[in-house]
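The values are calculated or read from the model by the stated rules, or taken from the named source; none is laboratory data. This is a predicted model, so every value here is computed, not measured. Backbone-built Cβ (ideal geometry, glycine too); neighbour counts: all protein chains shown. Surface areas here come from the heavy atoms of the whole protein model, side chains and all, with no ligands, DNA or RNA. Shrake-Rupley method; radii C 1.70, N 1.55, O 1.52, S 1.80 Å.
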Amino acid sequence: VTHIRQNGPVVVEFSTDRLHILHSLDIVHDLRTSRARLLEMFTDTTCDPEIMKNATDTYFSLLQGFIASLDGTKQENKLRFMQNFKWTDTLQGNTPSAQQDAIFELVSMAFNVAIWHTKFASRLAGKENVTEEEAKDVHRSLKFAAGIFKHLKEVHIPRLITPAEKGRDLEPRVMDTYMVQCKAEAQEVTIARAIELKHNATLIAALAFETANFYQKADHTLNTLEPECSSKWRKYLQLKQHFYMAYAYCYHGQTLLVSDKCGESIRSLQEAEKCYSRAEALCKEYRQTKGPGSTAKPSEQLFFTTLGGLIKNTLQKCERENGFIYFHKVPAEVPQLELKASYGLAEPISFEFPALSEQCTPEVYTTFDLTKGAKAEKAKPKQEEDVKPMKEPDLKPQKDTGCVIS
């Protein structure tokens, strides 16, 4: 260090190595503060997608400096395994998963960013008089969350040295279920919009059928997990599947009536009644099933009761028309739903982690000395600590949609 006096203040000039050491300390400080800020954003009710993106980009770009190779070789970054990280899981209560791996931190934090987007969508959907722009935000947030889940499962989770245990958030079945459920709930927004604008009944039936299939796929993905941690979630997925099958048969019945197939129309609406009754029964089972997560009451919500009235009124209309005009025999077999939606299908929005921060250079990388940290860790007795869950705000939506997105 050289001290130079220039007419008053002392100017301190550091050597290049010294500056790089200071920069490495800055990175560690910025990493810690950006992580703390991101965790605060998860429970901040004023946070929106733009604020969340800025917070995540700052943290992830710095964290990449502990993962990406910075020395010009293909060897593992020496900083990747220096810190132990603990995260709790959706289905496992407060029992944490722990890995000494920066990639585990990367995917766990990104998983929670995806969950935040689903909660943001749920909060918007629970408002009174949701505007068209807000409905688009709900739709976009759910598709963005699906994109994060998809990217993590396909690209980064396979890089973990220790695979996720059965039933943990990063386990493939749980990731797949979240991704498919986000797509299904994004399509619910599309269906609501199509009904509101009185689109063709054929399109609505096809969208409802595709959505029901999504929920069925999500349910089947969980069927090999332990019932004590997955039963409640599965009941929710099953009731949504039967609910949208009821929608599909109801609107398919309207299409058949327009095509002068009144007998088949009646049979389709009878099946809609059957699916709706099953969905009602599953709502009760869902409320009575113990398990992780909050409990919605979809059977008491407007979107649920409205469908019941629509099925009943449409069936009565078809039976009247058949008694006065068509005199068609009602078939014993249910009409096949060979429906494929041409429009409105929700696809995940592509997600990529931000580029490496400009602060993380090869020169700064060389100044990190892991031997000191290793000695300190060895001397310190290890104590297992419980991971305290983050307290989420007690948000009471102006309108309970009956949906449990996350």
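Results for (1) in the same structural domain as residue 236 (by the TED database); (2) assigned to a helix (DSSP H, G or I), shown as yes or no for each residue.
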residue	(1), (2)
274	yes, yes
295	yes, no
306	yes, yes
321	yes, yes
357	no, no
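Each row is one residue, and each column tells you yes or no for (1) within 18 Å of residue 243 (Cα to Cα); (2) among the hydroxyl-bearing types (Ser, Thr, Tyr); (3) modelled with pLDDT under 95; (4) in contact with a His (Cβ under 7 Å, 6 or more places away or on another chain).
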site	(1), (2), (3), (4)
265	no, yes, no, no
273	yes, no, no, no
277	yes, yes, no, no
281	yes, no, no, no
284	yes, no, yes, no
291	no, no, yes, no
298	yes, no, yes, no
312	yes, no, no, no
322	no, no, yes, yes
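Restricting to the stretch 194-218, name every residue that is touching a residue at least 24 places away in the same chain (Cβ under 8 Å), of a type in the set (A, V, I, L, M) and over 29 Å from residue 150 (Cα atoms).
Passing the criteria: only 201.
Considering each of 152, 91 in turn, give the residue that is touching a Cys at 6+ places or on another chain (Cβ under 6 Å) and outside the structural domain of residue 226 (by the TED database).
91
Any idea which of 257, 222 is in contact (Cβ under 8 Å) with a residue 24 or more places away in the chain and in contact with a Phe, Trp or Tyr (Cβ under 7 Å, 6 or more places away or on another chain)?
222
Quick one: what pairs do we get from the stretch 312-324, first residue closer than 14 Å to residue 261 by Cα, second buried (at least 18 other Cβ atoms within 10 Å of the Cβ) and of a type in the set (Ser, Thr, Tyr), C-beta under 7 Å, 6+ apart or different chains?
The qualifying pairs are 318/265.
Report the residue count in the stretch 70-90 for those that are open to solvent by 30 Å² or more (accessible area, probe 1.4 Å), charged (D, E, K, R) and not in a strand (DSSP E or B).
Result for the stretch 70-90: 4.
Run down 2, 58 and say which single residue is surrounded by fewer than 15 Cβ atoms within 10 Å (Cβ to Cβ) and either closer than 21 Å to residue 352 by Cβ or at pLDDT below 65 (or both).
Checking each option against the conditions leaves just 2.
Is there a residue being in contact with an Asp or Glu (Cβ under 6 Å, 6 or more places away or on another chain) and open to solvent by less than 20 Å² (accessible area, probe 1.4 Å) anywhere in the stretch 226-244?
Yes: one or more hits.
Considering 231, 265, which residue is touching a residue at least 60 places away in the same chain (Cβ under 8 Å) and either polar (S, T, N, Q) or in the same structural domain as residue 90 (by the TED database) (or both)?
231
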